[in-house]
Amino acid sequence: MQFSGRRRKVITSPQVELYGQALQFYGQPPLENMSLSEFESFAVDRLKLLKTIENLGVSYVKLSDDYKRKLDNESRNLNFPYRPDAVPDDRKSQVGPSEYEKRRKDHISHFILRLAYCQTEDLRRWFIQQEVDLFRYRFNGLQPKQKVEFLHKNNLQYDTISVEEKKTLQDKLVNSSHNVSGITVEDQDFYKVPFQDALDLVRTRKVYLKAGYVYIPHQDIVAIVLNDFRTRLSKALALTARSLPAVHSDERLQPLLNHLSHAYVGQDYSIQKNVGKISLEQIDSLSVKSFPLCMRQLHQALRDSHHLRHGGRMQYGLFLKGIGLSLEQALQFWRSEFIRGKVDADKFDKAYAYGIRHMFGKEGKRADYTPYSCMKVILSNLPSQGDHHGCPFRHSDPELLKQKLQFYKVSPSGISQILELVKGMHYQLACQKYFELTHSIEEASFSLNHPNQYFIESQRVLGGGKDIKREVGTPQRSQENSAARGSTTDREAAAAANAAKDLPEMTEDLDSFFQDA
Amino acid sequence: MPSSGYDAACLPDLLPLYYRRLFPFAQYHRWLNYGGVQKNYFQNREFSFTLKDDIYVRYQSFSTQTELEKEMLKMNPYKIDVGAIYSHRPNQHNTVKSGTFQALEKELVFDIDMTDYDDVRSCCSAAEICSKCWTLMTIAVHILDRALRDDFGFQHLLWVYSGRRGVHCWVCDEAARKLSVAARSAVAEYLSLVKGGDETVKKVVLTDPLHPFIRESLAVVERYFPQYALHEQEILSRKESVDKVLALVPEDILFLFQCCIYEGNKACSRAVGNSKGQHFEKEIMLQYCYPRLDVNVSKGVNHLLKSPFSVHPKTGRISVPMDLEELDTFDPLAVPTIRSATVLNARVSEDVKEKENEKDAAERRKIRDYKRTSLAKYVKYFDQFLDGLALSWKGELLKKSDLEKDF
């Protein structure tokens, strides 16, 4: 309290000081008034940016030239800061918002999205992941001097090791990481950091670890910073969640925040449509015609060995739920298959039925689990010995993948196209190519990011478009809404329409609201 | 696994004897109480029991050692699992406001299971083990123990035989108990080298430079490889196993070898030495021998793991702690079973009864009978482990009492 008196004598406001740096930890929330329309447009723009980051992260190596270029473009188009060396007050060369205004938008939009994404574990995890990737891209763009400045301003002080210790450890330091040479060891300071603060480096074994400390050259301090950012954001979200009831009591904000957290993360296929429309007898032929390769593989493995391990049961079981199997059907399906193997009816009821009911939200904390997206299948829950889950384009040996595709009668030229995409780590594009080849179409009209999406699109193609109106909801109405608000892609429209049952009502309300405002 | 005529039907009769006379409750409580440094540490610990007829009960918790003994004698669990320390007493979790009942701490644990090696062992499969493939566990323990101590700085590691086909490791350091989910996952991934499911042929890929951790692990594998892989598993004896090995060799090396058959040995070794695939021999050895751990077991703070000194219902063997000084001679088939332990105890105590008739009956009962059975050496080793752990508490307790005095 004593300080405020002194502070008043300083001329520059704390806000300008805050935006003096290109990059920030978002430690302080914004303290100003703003209009609701700015509130929403800022949030929507940031969401678009984060969604772009998510997609780029799967199709490109992070921080590769392509990745950076595309992200630069998107940041520019959405009026977010993208050149860290721009000075806040420089208005001369700008057309459009100034750097200061961009940084302000960045600051405010981050905090709005915190409100929308703090509520569930899944939302938090997604938000944190994209924000960390965004931060990594921006920190990477800083000059070395700016990086050091950033570290000092944010209180990351770790101890350096002595020259003697460096000499003793030289070989080990050089062998622990690609970008550490003998010269690096001589020239740079090495920091001793507790391993809990450098998890990304430990996880990928890119650093020397001894007695619980990692030894990091100054040039690599990024990973530490990222870890710190992630931890701070995680804690902040937990705190935000606790103050949500107060926020939700403002009627203007609640529909907006709900819309934000549902609409742009995309269709998650958790709300079952067409339950019971699929009979168990159809599954074998559907698996050949309309299942993506990962699910076809799992189904085959299940039929062959009458068993699947936990990872496979989850991935396949949730997918089946997503295509419309009811709980009773699922139980019958798994039971009849497992009984053909080593499991008797009793054991199935005791050991496996619980898990299936759990998947449908009938046990435990009654969470209705959502079918895995491609992202989840590719990145988490890696298969190990005895498993058949995962993404075949990512996790299968190229040779085995080739044989499998040959067995499934994909043309040789098609196979080499797929393998090229796999080599470039474009796993979802490879799957999309598989879709195009097996359905004999030139180009898929969608951008694949979910196995259930594959199924729906496949059924659409095979059914000659008859199923659209029943399954996809109200595409026309959503297109009107989207056009009014300026978004362009089909997928966003579909997502906005399908994500929540009462969303069409909400978007209508919002539209009329903005017309009034 | 040949378990000398064990039949699970004996459990209802033998388990009560085991719990009454042999289960080391005092040591067990000493472990899980961790010196009483943190309030309610033992009281907030979750246990789960599997009772007769596969009835599974979670969220068991106990206020004292006596209560634990009483309940175990009453319920007669076939299986006992240990879980996390929660924010509230697990047996009262229903009364707690939803969202506030949370798992806070737990030992960092690892589970190595022999079935994960089925693609590289020829002597057994699934639940069977024998002395030939047990070497895989020996290798796993050596590698992981070194890494957890030297690389991560952990000091209090308890290795336990699971009772059937694997080993568990409980890392009991305070820093380990407080690790987050992300940290546990990072540790497990640092320790993982064998990756891929049934669809992946080549599960180990090494690139230059070789991280010191890989070098250290290779040193252990190389010690055991000739005897284990070439003699016991005979990976180069039969055509189909040779083919499996060759499947892991890069195409260009195979091509070079073929050329060498015509060109002679000198050119061959020079060519192979210069080629890019220099690591394939190491990759093969690692694929056959390097520990395969289940990351999911280690990741979760709330994960439940089989308790040391519990009985494995399928084999009757007791989950005993392993003394690493004698690791190379550890024989899982010689581990006491519930039958051998209780029967031996009955025989011995009859002799003792005759000799010690003057002693008070209650006193006699108080003497933990394990001292006279095959379980003795395992409990003794557990005591040593606890003594080491206790040193770390002493410092904490002193600190705490100092703070209290200041205030």
Within the bounds of the stretch B:144-160, is there any residue that is modelled with pLDDT under 95, facing chain A (nearest Cβ under 10 Å) and more than 18 Å from the chain's Cα centre (by Cα)? no
Selection from the stretch B:128-187 of residues under 18 Å from A:G212 (Cα atoms), β-branched (V, I, T) and part of a helix (DSSP H, G or I) yields B:I143, B:V181, B:V187
Any residue at all in the stretch B:176-189 that is away from every other protein chain (no Cβ under 11 Å), out of contact with any Ser or Thr (no Cβ under 7 Å at 6 or more places or on another chain) and not hydrophobic (A, V, I, L, M, F, W, C)? yes
Please determine whether any residue of the stretch A:137-150 is closer than 23 Å to B:A183 by Cα and either small (G, A, S) or surrounded by fewer than 19 Cβ atoms within 10 Å (Cβ to Cβ) (or both). no
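Results for (1) buried (at least 24 other Cβ atoms within 10 Å of the Cβ); (2) basic (K, R), shown as yes or no for each residue.
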| site | (1), (2) |
| --- | --- |
| A:K289 | no, yes |
| A:H299 | no, no |
| A:H306 | no, no |
| A:R309 | no, yes |
| A:Q315 | yes, no |
| A:L318 | no, no |
| A:K321 | yes, yes |
Working only within the stretch A:164-200, note down all residues that are facing chain B (nearest Cβ under 10 Å) and among the aromatic types (F, W, Y). A:F195
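Among B:V109, B:V96, B:V201, which is closer than 24 Å to B:Y224 by Cβ and β-branched (V, I, T)? Give the derivation first.
Values: B:V109 fails: closer than 24 Å to B:Y224 by Cβ; B:V96 fails: closer than 24 Å to B:Y224 by Cβ.
Exactly one of B:V109, B:V96, B:V201 is closer than 24 Å to B:Y224 by Cβ and β-branched (V, I, T), namely B:V201.
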Kindly indicate whether any position in the stretch B:107-119 is in contact with a Leu (Cβ under 6 Å, 6 or more places away or on another chain), part of a helix (DSSP H, G or I), surrounded by 22 or more Cβ atoms within 10 Å (Cβ to Cβ) and at pLDDT below 95. yes
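So which residues in the stretch B:85-106 are buried (at least 21 other Cβ atoms within 10 Å of the Cβ) and not aromatic (F, W, Y), if there are any at all?
Taking the stretch B:85-106 first, the residues buried (at least 21 other Cβ atoms within 10 Å of the Cβ) are B:85-86, B:90, B:106.
Selection gives B:I85, B:P90, B:K106.
Conditions tested, residue by residue: (1) within 15 Å of the chain's Cα centre (by Cα); (2) in contact (Cβ under 8 Å) with a residue 40 or more places away in the chain.
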site: B:K70; (1), (2): no, no
site: B:L73; (1), (2): no, yes
site: B:N76; (1), (2): no, yes
site: B:S87; (1), (2): no, yes
site: B:T95; (1), (2): no, no
site: B:A103; (1), (2): no, yes
site: B:V109; (1), (2): yes, yes
site: B:Y117; (1), (2): no, yes
Would you say A:S384 is modelled with pLDDT of 90 or more and polar (S, T, N, Q)? no
Could you check B:L206 against (1) within 14 Å of chain A (Cβ to nearest Cβ); (2) in contact (Cβ under 8 Å) with a residue 40 or more places away in the chain; (3) part of a helix (DSSP H, G or I) and say which number it fails? (3)
Quick one: which helices (runs of 4 or more DSSP H) lie wholly within the stretch A:370-450 and hold at least 1 residues that are within 14 Å of another protein chain (Cβ to nearest Cβ) and among the hydrophobic types (A, V, I, L, M, F, W, C)? A:374-379, A:392-395, A:398-407, A:412-423
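The values are calculated or read from the model by the stated rules, or taken from the named source; none is laboratory data. Note that the structure is a prediction, hence the values are computed from the model and not measured. All Cβ positions, glycine included, derive from the backbone under ideal geometry; neighbour counts span all protein chains shown.
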